[in-house]
Amino acid sequence: QAKISVLDLGFVRGWGVFDFLRTYQGQPFKLEAHLARLQKSAKQIGLKLPWSKFKLSKLVWATLKKNRLPEANIKILVSGGVSPDQITPWGKPTLAILVYPLVERPKAFYEKGVKVITTSLMRAFPQAKTTNYIPAMLALARARAQKAIEALYKNKKNEVLEGTTTNFFIFKSDTLITPAKEILPGITRQVVLALARKEFKVQTRPIKYQELKTAQEAFITASNKEVMPVVKIDNFVVGSGKVGPRTRKIMELFRKYTQKLAS
């Protein structure tokens, strides 16, 4: 029976932020980090949060327990709240915590890899997770039309940055490369980088579009996708066109990491 006013700035102006995570064995994955990013996103768009991370954490746990799901997705939404003139922040922001069943991605995505496309559309605030998803929705519609599951943003320098809901990585030989600027620093991305540094050389730098054609492997990461191999970008095949051994190693390391947390 949740209700939100039609005068809420999230509805009339799209002014809001959110964060998204999942559970492993019923435990929210990196909840503290996700709440810290929520606060950072809000600060970047000038939205003041009246709740501490401790309070938000308690609310997330309470909502999770009420839903009694074996595994769940969790979305924390904060919008600007009611505004009489529909543009000036007035009162307390609106908070919504959504918990719903975890949806597993098809096994074939991980065994055979997926296709992604690139787009020149861009997000207004790359380092803030805002509720303005118009570029993402348009880009994903184009991706679906080309039988792809994700779209990667490109900037004016023809550098590939990130996906609409994912971070992006390539392997060139035994070096793992991922952008560090003009992106949303994903929580799963941070974990993958920490794990990868124990096995591979890691570079955080821009990736030119032309570089993709000489990459041996590629993958995307996200809370709801974990580590997902990419075997095709636009109309060209990545490497051999199959999930590579280095990507499989990263997938294995991440799987073991989450299993250890849950045990």
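The values are calculated or read from the model by the stated rules, or taken from the named source; none is laboratory data. Worth saying up front: this structure is predicted, and the values here are computed from it rather than measured. For neighbour counting, all protein chains shown are included, and Cβ atoms are generated from backbone atoms with ideal geometry for every residue, glycine included. Side chains are part of the model used for accessible areas, which takes the heavy atoms of the whole protein and leaves out ligands, DNA and RNA. Shrake-Rupley method; radii C 1.70, N 1.55, O 1.52, S 1.80 Å.
Applying the criterion of being in a strand (DSSP E or B) and among the β-branched types (Val, Ile, Thr) to the residues of region 213-263, the residue that is surrounded by the most Cβ atoms within 10 Å (Cβ to Cβ) is Val230. For region 33-146, the strands (runs of 3 or more DSSP E) that sit wholly inside it and include 1 or more residues that are touching a strand residue (DSSP E or B) at 6+ places or on another chain (Cβ under 8 Å) and over 27 Å from Gln210 (Cα atoms) are 72-79, 94-101. Checked against the criterion of being open to solvent by less than 50 Å² (accessible area, probe 1.4 Å) and touching a Ser or Thr at 6+ places or on another chain (Cβ under 9 Å), the candidates Ile76, Ile97 yield just one match: Ile97.
The sole residue among Thr131, Thr118 that is open to solvent by less than 30 Å² (accessible area, probe 1.4 Å), touching a residue at least 60 places away in the same chain (Cβ under 8 Å) and within 17 Å of the chain's Cα centre (by Cα) is Thr118.
Quick grid of which residues meet (1) touching a residue at least 12 places away in the same chain (Cβ under 8 Å); (2) open to solvent by less than 60 Å² (accessible area, probe 1.4 Å); (3) under 23 Å from Lys225 (Cα atoms):
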{"residue": "Arg13", "(1), (2), (3)": "yes, no, no"}
{"residue": "Phe18", "(1), (2), (3)": "yes, yes, yes"}
{"residue": "Gly26", "(1), (2), (3)": "yes, yes, yes"}
{"residue": "Leu35", "(1), (2), (3)": "yes, yes, yes"}
{"residue": "Lys43", "(1), (2), (3)": "no, no, no"}
{"residue": "Leu56", "(1), (2), (3)": "yes, yes, no"}
{"residue": "Asn67", "(1), (2), (3)": "yes, no, yes"}
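Close Cβ contacts (under 6 Å, 6 or more residues apart or on different chains) running from residues in region 226-251 that are more than 21 Å from Arg197 (Cα to Cα) to residues that are of a type in the set (S, T, N, Q) and open to solvent by 20 Å² or more (accessible area, probe 1.4 Å) comprise Asp234/Thr118; Gly239/Gln216. The set of residues from region 174-212 being open to solvent by less than 10 Å² (accessible area, probe 1.4 Å) and touching a Leu at 6+ places or on another chain (Cβ under 6 Å) comprises Pro179, Ile183, Ala196.
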